[in-house]
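Report on the following structure.
The values are calculated or read from the model by the stated rules, or taken from the named source; none is laboratory data. These figures come from a predicted structure and were not determined experimentally. Because the Cβ atoms are built from the backbone with ideal geometry, glycine has one as well, and the counts that use them run over all protein chains shown. Keep in mind that these areas ignore ligands, DNA and RNA; they rest on the heavy atoms of the full protein, side chains included. Shrake-Rupley method; radii C 1.70, N 1.55, O 1.52, S 1.80 Å.
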Amino acid sequence: MSSRRAVKENPLIVILRSARGLLREIITYNMGRVGLVILAFMIVMSIYSLTTLPGDFPSKWRYATEPPWIYNPKMAKPEWVRYLGIDVSKTSIYSNLRPQDSRIILIPEDIGRIAPEYVKAMGIKKLLPFGYVEVYRVNYNLDVNDYAQDVLVIFEVKASENVNLSRIKMNVLMLLTRPDGLVLEVGEESFPLDKIRLVKIDHGAFSLQYIDYFNLTITLEEMKSAYYIAVFGEPRAGGREFARLPGEYQVTLILAYTGIDPREIAKMFGEGSLRVNVEIRVLGNSYGLLGTDNVGRDLFQGVLFGFPVALAIGFLVALATVMIGLVLGVISGYFGGRVDEVIQRLVDVIVNVPLLPLLILVGVAIQTRGWAGWPAMAILMFIIVVFSWGGVAIVTRSMALSIKSEQYVEAAKAIGASTSRIVFRHIIPQLIPYTMAVLVFSVPGAIIAEAGLSVLGIDHGLPTWGRILADAQANRGIAYNMWWWILPPGLLLGFFSFAFVALGFTLETIVEPRLRRR
Amino acid sequence: MKPLLKVEDLKVWFPLRKGFIDVLFGKMEYVRAVDGVSFSMGERETFCLVGESGCGKTTTARAVMMLVDRSDIKGGRALFRPHEEVLSEAAKIQPDAVVDGEYIDLYKTRGYSNKIVRREIQMIFQDPFGSINPRMSVYDVVEEPLIVHGIGPREERIEIVAKALEAVKLVPPEEFMVRYPHQLSGGQRQRVSIARALTLNPRLLLADEPVSMLDVSIRAEVLNVLEELKKTRGMSIMFITHDIALARYICDRIAVMYLGKIVEMADADTIIEKPLHPYTRALINAVPDVVPENRLRFREVPIKGEVPSAVRIPTGCRFRPRCVAYDLNPWVQEHCAREEPGLVELEKGHYVACWVPIKKRS
Amino acid sequence: MPLDRRSLRVIAFRGLTLTIILFIILVLTAVIMGATGYDTVILNAVIHEQVRAFREELSKPGSPYTPEEREKMVREYREQLLSVYGLDKPWYLRTMSLIPKVLVLDLHVTHDEVAGVLGLRRPLGAGDAIAVALPRTILMITLAYVLSAIIAVPLGPYIAYKRGSVLDKSVITYAAITNAFPVWWIAMLSVFLFGFYLGIAPSSYRPIVAHISRFSDSLLSLNFSGALTALRDVLYFSYIPILVVTFAVLGGWLYSARAVAIRVVSEDYVMAARAKGLSEGTVVRKYIIRVIAGPILTFVILGLAGSIGGFIITETVFDWPGMGLLYYVSISAGDSPMVLALVYVTTLVYLVARFILEVLYVILDPRVKL
């Protein structure tokens, strides 16, 4: 009896077992192996993306001129290119810094005792360092023959409620000690603590004295347009040319808090009711895994976001398309008659509709209405589904027609099986292998169409691979030698769809034995 | 004893093309696959329909099995006498399908009444490779009728399936249950097909050329199973074959069909020994001789020409263009050309539809 | 072989069906353009801009009009514009009224940008716009298709014959790769690589317009040396797009030609022909080529017919002023008459090609029943 009980198994186990069998068969083909490997990579990356990127990433990406992107170098190459022997300066981020020194200074000349470079520095020195003063220093090793882009300081103020931040003023002085011993005051800024912002290199601070010092013949305006070259380079030929100046740089940050009694400020810092986190970034010409675009957006994060989007949209659209095609095709083939006639005419129309122009039309309509984000994407994908199921329906219909006249369907009718039982138990299972192959083939379709629409300038507002390519296309004048902007999204798009094309070819070979190798 | 099945003047016509255009232009042509067939079958009887391919014997069986589209049944009826309880259940939901208080008109059944009548009639198909879903295990195939008719808890169904498999000599059943069709031989598949038909314990089994696609060497195993079932379960079997020699071996009575009509019907022995219709004679003469050396001798098969299309059936007697008796008997030619002969009982239980013996007798 | 009445009826019925399909597609396009209101938004912005310019013109110092007169003129101008663009009517009247006109191409370009992309000015008939754009698309895409067909049609069956060889495997891989990477991305890469980076090809292809017209002008004035230099410029401006499209299309065509041939190569009647002792050459010529000619012809003809609509994205990437770019600019500018005209022409050509193929099938193959 026990052996007799074993004849019927849990359908889930049956499905899993046949899936495992299918996988095993796919693996025997080279194409299938390649496809599976890429697919596995895509899935891993998607999981990584979903777990690391914040939920509001799309809107962050959209507002390109806001943090965090303004803290990044612009048009930076990927970091790893330096290992290919390319001279490219690195981006160094110094966060959670502690002041090297902090004390109350009442006479500005006393600063020389804790920050002697201030005295040596050339610059306008409009703001005077007195009050409660903190000094931060970081070292940046410009180890290659390249310039850096910028130095910036990001402040984060935390205070308990009883502290009136608007009364406390912060004077920021940023000094740069170069490998040749020259000290430049590269930034000066002053603002109340409640209106804190970031401080960057300010060409105005040092330009005049710099021109004087090196006896340059260029004008102040010319100096402005290439200030970072002046900061990280040595002028030649009167400033018409610059030579890169690699070596050890030191950034000195002097923060002078004034506005209220410095002793009170010292007390607040002491008891922790006021805290200022300082992050210094020396922006080089390389950043992260995939560099940045023209506004400093981290292309790795952008590309990373594309993984789950591509997989999800591809699968959902393909699944919806194939399911509709399968169901309507089977209905059309099995029931025939008037239903068949109606579905056939419908298919006639939809397979002849020019889909891309239609999508562009809808895309432009969405855009002029100002819709963006997931709803816009959903509408576009809906249009794709509505006009793509025709091909599947044609094939499943003819397959249903031939299965319908098989004797085992007659046999099922003879025992009195209901129509739904015949359709779901006897016809659809025969169509599953074909349907699987089509499903796999059509996964990339949606995301490629989406990318194409993006490149045409239809902005659904999500950072997909297509969107990133579209940005490059829109900035073709500067993007042309930024291969790290053009290649990764396009290659990923291609590999993504290659994986499914390869799996599709393999499945097709397995399903259609005549194509099998001899 | 009242007959189990009565088929009365059954006509099954298939429209030639069901295209939209034909509907639009209102022109329809029909393939008259079954063109007025009447016969009846008793209980525990094995009844054979014999004829060449395309003569309508399979369509007749499919019509009795209610597999033909109702719209294609252009006339006649098929009456079946089910068990008491099935009859009363059907009568409850569809009193208009009950005829003479004992029979059910098969073509008036709908929905549930149709379903319960199907328990009493089952069919075995010709192609052992096509009649079993290749994606279902033997257990699934044989169990399906039980699920469809909502029989038993699973333990009971397993028991019934095992018994059915034992009955068709697929032993041990546990081993066969988990197999898939591609792991079975043709003969084994055909026995699975029989087992599927048996699970509902039908009164009437339709066997549509069940051995014609099997190797000669394994035909006997299937035929023996059928023979034994007939004895042990008391089933009536309608056996469809193109092989009149096989029909004689299996059947109690034989009906010979030609181009959608029964041309001769009698006891198996009578029809072989004393055939009255020229077509029957031709069929018998076409059977290879048992004596090997006789096979080498030229034997005349008394028939000419090809089977006409079932779309344009000849006027008068439909066998006339191929008939040797027509050529030999000029005196009936006028009759043959003018009027189609009806099936006339010339001797007790021996029916024939040919003007030559009918006119000779009268 | 004369056609019997039934075949004629079948053909007539198919023709009718395809005509209805064309009509439905036109109505569908018109409904989407009207019901989404996308052109209203765009047109309103255009009108707003024109009215503002008009008002500024009137308000220039030294204008002879009183403010009241000015306001009246502006209002009248505005109403005039509204009726020109058809915004005074509900959308279904506006877009549906285009449909009868599109059938005879009695439509006009309504936006300057659309005419501008072709290097022309308004007023411009929709038919004329298409007549200008079409040859450029034929130069790029149809030519590439023809090239692909020339390579794929003989090579596909050959590969099928050499199944499992290195050549076969590399062709499959090539097909899979070109199938995976969108044409427009390859176009983008080639613009960046050849146009900007290496500088051996243009980075924008819009100037092709001038070179083509220079070429035809010199030919007409029998200035052959001028024609030759113009031709050289045309070539310089077209070789990358043609190569890119050929590269992208060829893989798929090779694969299809191979797949069609493989089905035939393993058929029983081919085996039978070989078993009869016919030479391989005869088998290929008489049994294989003859059978696969039909399916291959089908996809070649449908491909060519489909190509006249241009590759919208690829042409936009190249900035190639053909049908695709015309399509895109018309849609994004909200030029509904031009959009409808393009949908009409491209769908018509495709459906006519399909119809011709279906008629050929009915004539050549007695088994085809629709």
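Looking at residue C:321, is it open to solvent by less than 20 Å² (accessible area, probe 1.4 Å), over 16 Å from residue C:153 (Cα atoms) and either outside any helix (DSSP H, G or I) or modelled with pLDDT of 80 or more (or both)?
Yes, satisfied.
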Unmet requirement for residue A:429, which otherwise passes all of (1) within 12 Å of chain C (Cβ to nearest Cβ); (2) out of contact with any helix residue (DSSP H, G or I) (no Cβ under 8 Å at 6 or more places or on another chain) = (1)
(1) in a helix (DSSP H, G or I); (2) at pLDDT 80 or above; (3) farther than 30 Å from residue A:509 by Cα; (4) more than 14 Å from chain A (Cβ to nearest Cβ) all hold for residue C:144 apart from (3)
What residue, among those in the stretch A:347-399 that are hydrophobic (A, V, I, L, M, F, W, C) and not in a helix (DSSP H, G or I), is farthest from residue A:442 (Cα to Cα)?
-> A:371
Evaluate the following for residue A:313: is it closer than 22 Å to residue A:406 by Cα and away from chain C (no Cβ under 14 Å)?
-> no
Mind counting the residues in the stretch C:41-53 that are touching a Lys or Arg at 6+ places or on another chain (Cβ under 9 Å) and either within 13 Å of chain A (Cβ to nearest Cβ) or over 22 Å from residue C:109 (Cα atoms) (or both)?
-> 1
Count of residues meeting criterion [over 37 Å from the mean Cα position of the chain (by Cα), in contact (Cβ under 8 Å) with a residue 40 or more places away in the chain and open to solvent by less than 60 Å² (accessible area, probe 1.4 Å)] in the stretch A:207-233 | 1
Please specify each residue of the stretch A:234-251 satisfying the condition of being within 27 Å of residue A:278 (Cα to Cα), open to solvent by 30 Å² or more (accessible area, probe 1.4 Å) and outside any loop (DSSP other than H, G, I, E, B).
-> A:248, A:250
Does the stretch A:469-478 contain any residue that is surrounded by fewer than 20 Cβ atoms within 10 Å (Cβ to Cβ), at the interface with another protein chain (Cβ under 10 Å from one of its Cβ atoms), touching a Phe, Trp or Tyr at 6+ places or on another chain (Cβ under 8 Å) and more than 27 Å from residue A:19 (Cβ to Cβ)?
-> yes
Looking at the stretch C:7-29, is at least one residue under 24 Å from residue C:108 (Cα atoms), more than 14 Å from every other protein chain (Cβ to nearest Cβ) and either more than 37 Å from the chain's Cα centre (by Cα) or in a helix (DSSP H, G or I) (or both)?
-> no
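So if I check each of C:282, C:229, which one is of a type outside the set (A, V, I, L, M, F, W, C), free of Cβ contacts under 8 Å to residues at least 24 places away in the same chain, open to solvent by 10 Å² or more (accessible area, probe 1.4 Å) and closer than 20 Å to residue C:156 by Cα?
Working: C:229 fails: closer than 20 Å to residue C:156 by Cα.
The conditions single out C:282.
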Going through the stretch A:152-179 one residue at a time, which ones are open to solvent by 10 Å² or more (accessible area, probe 1.4 Å) and charged (D, E, K, R)?
-> A:156, A:158, A:161, A:167, A:169
Restricting attention to the stretch A:448-468, the residues that are in contact with a Phe, Trp or Tyr (Cβ under 7 Å, 6 or more places away or on another chain) and within 20 Å of residue A:498 (Cβ to Cβ) number exactly 3
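Go through C:302, C:326, C:297 for me and flag whichever is within 14 Å of another protein chain (Cβ to nearest Cβ) and farther than 30 Å from residue C:110 by Cβ. Reasoning before the result, please.
Numbers: C:326 fails: farther than 30 Å from residue C:110 by Cβ; C:297 fails: within 14 Å of another protein chain (Cβ to nearest Cβ).
Of the residues listed, the single one that is within 14 Å of another protein chain (Cβ to nearest Cβ) and farther than 30 Å from residue C:110 by Cβ is C:302.
Whether any residue in the stretch B:74-85 is assigned to a helix (DSSP H, G or I), in contact with a strand residue (DSSP E or B) (Cβ under 8 Å, 6 or more places away or on another chain) and either open to solvent by 10 Å² or more (accessible area, probe 1.4 Å) or at pLDDT 90 or above (or both) is what I want to check.
Going residue by residue through the stretch B:74-85, those that are assigned to a helix (DSSP H, G or I) are B:84-85.
From what is left, the residues that are in contact with a strand residue (DSSP E or B) (Cβ under 8 Å, 6 or more places away or on another chain) are none.
Checked against the condition, which is being assigned to a helix (DSSP H, G or I), in contact with a strand residue (DSSP E or B) (Cβ under 8 Å, 6 or more places away or on another chain) and either open to solvent by 10 Å² or more (accessible area, probe 1.4 Å) or at pLDDT 90 or above (or both), the stretch B:74-85 yields no hits at all.
Condition (residue is among the hydrophobic types (A, V, I, L, M, F, W, C), free of Cβ contacts under 8 Å to residues at least 12 places away in the same chain and within 14 Å of chain A (Cβ to nearest Cβ)) applied to the stretch C:267-278: is it met by at least one residue? Step through it out loud before you land on a result.
Just the residues of the stretch C:267-278 that are among the hydrophobic types (A, V, I, L, M, F, W, C), to begin with: C:270-273, C:275, C:278.
Retained after the next criterion (residues that are free of Cβ contacts under 8 Å to residues at least 12 places away in the same chain): C:271-272, C:275, C:278.
With within 14 Å of chain A (Cβ to nearest Cβ) added as a condition, the list becomes C:271.
For the stretch C:267-278, residues among the hydrophobic types (A, V, I, L, M, F, W, C), free of Cβ contacts under 8 Å to residues at least 12 places away in the same chain and within 14 Å of chain A (Cβ to nearest Cβ): present.
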Within the stretch A:274-296, count every residue that is surrounded by fewer than 21 Cβ atoms within 10 Å (Cβ to Cβ) and closer than 25 Å to residue A:374 by Cβ.
-> 1
Applying the selection to the stretch B:323-332, what residues are under 28 Å from residue B:13 (Cβ atoms) and either of a type in the set (S, T, N, Q) or open to solvent by less than 20 Å² (accessible area, probe 1.4 Å) (or both)?
-> B:323
Among the residues of the stretch B:187-229 satisfying the criterion of being over 20 Å from residue B:81 (Cα atoms) and among the β-branched types (Val, Ile, Thr), which is most open to solvent (accessible area, probe 1.4 Å)?
-> B:216
Conditions (1) within 14 Å of chain C (Cβ to nearest Cβ); (2) open to solvent by 20 Å² or more (accessible area, probe 1.4 Å); number of the one not met by residue A:347 | (2)
When both residues are 6+ apart or on different chains and their Cβ atoms are under 7 Å apart, which pairs have a first residue that lies in the stretch A:474-490 and is outside any helix (DSSP H, G or I), and a second that is modelled with pLDDT of 85 or more?
-> A:475/A:294; A:480/C:192; A:482/A:75
For residue C:158, are the conditions met, namely being at pLDDT below 85, away from chain A (no Cβ under 14 Å) and in a helix (DSSP H, G or I)?
-> yes
Which numbered condition trips up residue C:76, out of (1) of a type in the set (Asp, Glu); (2) in a loop (DSSP other than H, G, I, E, B); (3) over 21 Å from the mean Cα position of the chain (by Cα)?
-> (2)
First in the stretch C:74-102 and more than 16 Å from residue C:34 (Cα to Cα), second anywhere and part of a helix (DSSP H, G or I) and open to solvent by 30 Å² or more (accessible area, probe 1.4 Å), Cβ under 7 Å, 6 or more apart = C:74/C:54; C:74/C:55; C:77/C:54; C:81/C:50
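Is it the case, given these coordinates, that residue C:213 is over 25 Å from residue C:152 (Cα atoms), within 14 Å of another protein chain (Cβ to nearest Cβ) and surrounded by fewer than 15 Cβ atoms within 10 Å (Cβ to Cβ)? Give the derivation first.
Values: over 25 Å from residue C:152 (Cα atoms): yes; within 14 Å of another protein chain (Cβ to nearest Cβ): no; surrounded by fewer than 15 Cβ atoms within 10 Å (Cβ to Cβ): yes.
The answer is no for residue C:213.
Could you list, in sequence order, the residues of the stretch B:92-147 that are small (Gly, Ala, Ser), under 29 Å from residue B:222 (Cβ atoms) and free of Cβ contacts under 8 Å to residues at least 12 places away in the same chain? Quick ask: steps written out before the conclusion?
Applying the first criterion (small (Gly, Ala, Ser)) to the stretch B:92-147 yields B:97, B:101, B:111, B:113, B:130-131, B:137.
Right, trim to under 29 Å from residue B:222 (Cβ atoms) and you get B:130-131, B:137.
Listed by number, the list holds a single entry, B:130.
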Among what's in the stretch C:179-210 and is of a type in the set (Ser, Thr, Tyr) and either in a helix (DSSP H, G or I) or more than 13 Å from every other protein chain (Cβ to nearest Cβ) (or both), pick the residue that is farthest from residue C:255 (Cα to Cα).
-> C:197
